[in-house]
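Worksheet for the structure shown next.
All of the numbers you see were taken from the coordinates with simple rules; none came from a lab. Since this is a predicted model, take the numbers as computed values, not measurements. Note that each Cβ is placed from the backbone with ideal geometry, even for glycine, and that neighbours are counted across all protein chains shown.
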């Protein structure tokens, strides 16, 4: 079922897409969301609105999606399994669709122990694959998880996350295949720094023909400092930063500029990989650098949806 999503239409017409991440504020002030949206307009085909990332209370991803739409951009609503049971998930999907949100990323979510709400309880009523299958059934068959029939099903392009560096390619691609079976239409991966490891994962993806069943958008992160690089390498699951990148960041006279150069080199490589359909730029708390990256990567202007 076609969702009406601009992102879906661009992918289906064969364009190399660009998505970017916008982090909601830890306040009720909409100004920062609106400013970042205006900054990114024209440089990304859709924006991910993260869902209480790092398990810290932030403005809701649904509210931020609506703010982004007011600025003429298309949101990708992220929804974690950490904070909702299946009742709340289905309710939020119906509401998001009613508001015109056409893309949704199903993710597990960081455990509450990562954040500041140490006394909170993780929900995890279902995992992200079960969430995907529940949403696909609601969309395609108009049936809720309980079996209740819905007269007006949600229109949504369903996404999921993948971790190419999370283990041997054979295991990683088996996990990816399960997401395809569950209902994912597109995949956004954890940030890629080890191109050899990613290439090995994609070799297995192509060997099994998975790239013909789902749209794959590898993630990239522009590094600001060697300290940030070390932190991600040591503390963020799925991110492996090779020694040669660490050394470049350490030796750089201008670390942020070198981080952008490394990001551009990674994008150039990823664009050459068969089965890659776009990139996902995660400029954590550095959204202002996205226009520069998109321009210098030769990905500006962004394509239009063809009739």
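Taking the Cβ of each residue in 41, 151, 224, 36 as the centre, tally the other Cβ atoms inside 10 Å and list the residues starting with the fewest.
Starting with the residue having the fewest Cβ neighbours, the order is 151, 41, 224, 36.
By counting other Cβ atoms within 10 Å of each Cβ, how are 59, 121, 79 ranked from fewest to most?
Result, fewest neighbours first: 121, 59, 79.
State the Kirkwood hydrodynamic radius of region 118-227 in Å, one decimal place, computed from all pairs of distinct Cα atoms.
Across region 118-227, the inverse of the average 1/r is 15.8 Å.
Counting other beta carbons within 10 Å of each residue's own, what order do 81, 106 fall into, fewest first?
Least crowded to most crowded, the residues run 81, 106.
Can you bin every Cα-Cα distance in region 175-292 into 5 Å intervals starting at zero and give me the percent of pairs per bin, rounded to whole numbers?
2, 11, 21, 23, 18, 12, 8, 4, 1, 0
How big is region 85-172 along each principal axis, measuring the range of its Cα positions in Å and listing the largest first?
That gives 41, 38, 25 Å along the principal axes, largest extent first.
Work out, step by step, the length gained on full extension between residue 212 and residue 130: first 0.36 nm times the residue separation, then minus their alpha carbon distance; give nm to one decimal.
Fully extending the segment from residue 212 to residue 130 adds 27.3 nm.
Just to confirm my numbers, what's the Cα centroid distance between region 65-110 and region 237-293 in Å?
Here the two parts' Cα centres lie 27 Å apart.
Roughly what % antiparallel, to the nearest 5, for the DSSP beta bridges in region 125-244?
Taking every DSSP beta bridge with both residues in region 125-244, the antiparallel ones total about 10 percent.
What FRET efficiency comes out for the pair residue 39/residue 122, r = Cβ-Cβ distance, R0 = 51 Å, nearest 0.05?
It comes to 0.90.
In the chain, what % of DSSP beta bridges are antiparallel (nearest 5)?
The antiparallel proportion sits near 5 percent.
In vacuum, with every alpha carbon of region 165-216 counted as one equal point scatterer, what does the Debye formula give for log10 I(q)/I(0) at q = 0.16 Å⁻¹? Two decimals, please.
-0.41
Pulled fully out, how much extra length does the chain show between residue 285 and residue 152, if you take 0.36 nm times their separation in residues and subtract their Cα-Cα distance?
Extra length available between residue 285 and residue 152 comes to 44.1 nm.
Report the extension gain between residue 27 and residue 85 in nm, rounded to one decimal, defined as 0.36 nm multiplied by the number of residues separating them, less their alpha carbon distance.
That pair, residue 27 and residue 85, stretches by 18.4 nm at full extension.
From Cα coordinates alone, what are the radius of gyration and Dmax values for the chain in angstrom?
Reported Rg and Dmax, both Å: 18.6, 61.
For every helix of n ≥ 4 consecutive DSSP H residues, a contribution of -39,500 (n - 2.57) applies; sum these over the chain, divide by its total residues, and give [θ] at 222 nm rounded to the nearest 500 deg cm²/dmol.
-12500 deg cm²/dmol
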